[in-house]
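Student: Just passing along the structure, written as structure tokens.
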Amino acid sequence: MKSDHKIHKYELVELGSKGYKVYKCKLPNCRHFIQKELAVGRLSLCNGVCNSEVIITRDMVTRELKVPLCDDCREKRKNRRALVSAIKGGLHDNSN
Ligand SMILES: [Zn+2]
Ligand SMILES: [Zn+2]
């Protein structure tokens, strides 16, 4: 089946038992995947809420980022994580 989208939405997955990592498209009806190293410089859809286009950088690949995110969504996720850990830290302090 031919895919109906121009830009794939990549996600890092392991292939087989050897843990060989590839970027695979997670959109329905698409079985496209690409060797991790070859994904550098390719366009992916953002895995956040915005669905904008993101270029997969060498940095993402080196750090084995699970899903490509645009700057906005990455900031949002980072802030949320910081908030969660701040709340946890607060709770921890209260129980002390
Ligand atoms: Zn695709
Ligand atoms: Zn985004």
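The values are calculated or read from the model by the stated rules, or taken from the named source; none is laboratory data. Treat the numbers as computed from the prediction; the structure is a model and nothing was measured. Because the Cβ atoms are built from the backbone with ideal geometry, glycine has one as well, and the counts that use them run over all protein chains shown.
Student: In the range 40-51, which residue that is under 10 Å from the mean Cα position of the chain (by Cα) and among the small types (Gly, Ala, Ser) is farthest from ligand 1 (Cβ to nearest atom)?
Tutor: 48
Student: Please specify each residue of the range 34-51 satisfying the condition of being within 9 Å of ligand 2 (Cβ to nearest atom) and exposed (fewer than 14 other Cβ atoms within 10 Å of the Cβ). Steps first, answer last, please.
Tutor: The first filter runs over the range 34-51 and keeps only residues within 9 Å of ligand 2 (Cβ to nearest atom), leaving 45-51.
Listed by number, the residues that qualify are 49, 51.
Student: Return the only residue of 54, 61 being more than 15 Å from ligand 1 (Cβ to nearest atom), at pLDDT 95 or above, closer than 23 Å to residue 76 by Cα and not in a loop (DSSP other than H, G, I, E, B).
Tutor: After ruling out the rest, the residue left standing is 61.
Student: Out of the residues in the range 1-25 meeting the condition of being free of Cβ contacts under 8 Å to residues at least 24 places away in the same chain and touching a His at 6+ places or on another chain (Cβ under 9 Å), tell me which one is surrounded by the most Cβ atoms within 10 Å (Cβ to Cβ).
Tutor: 25
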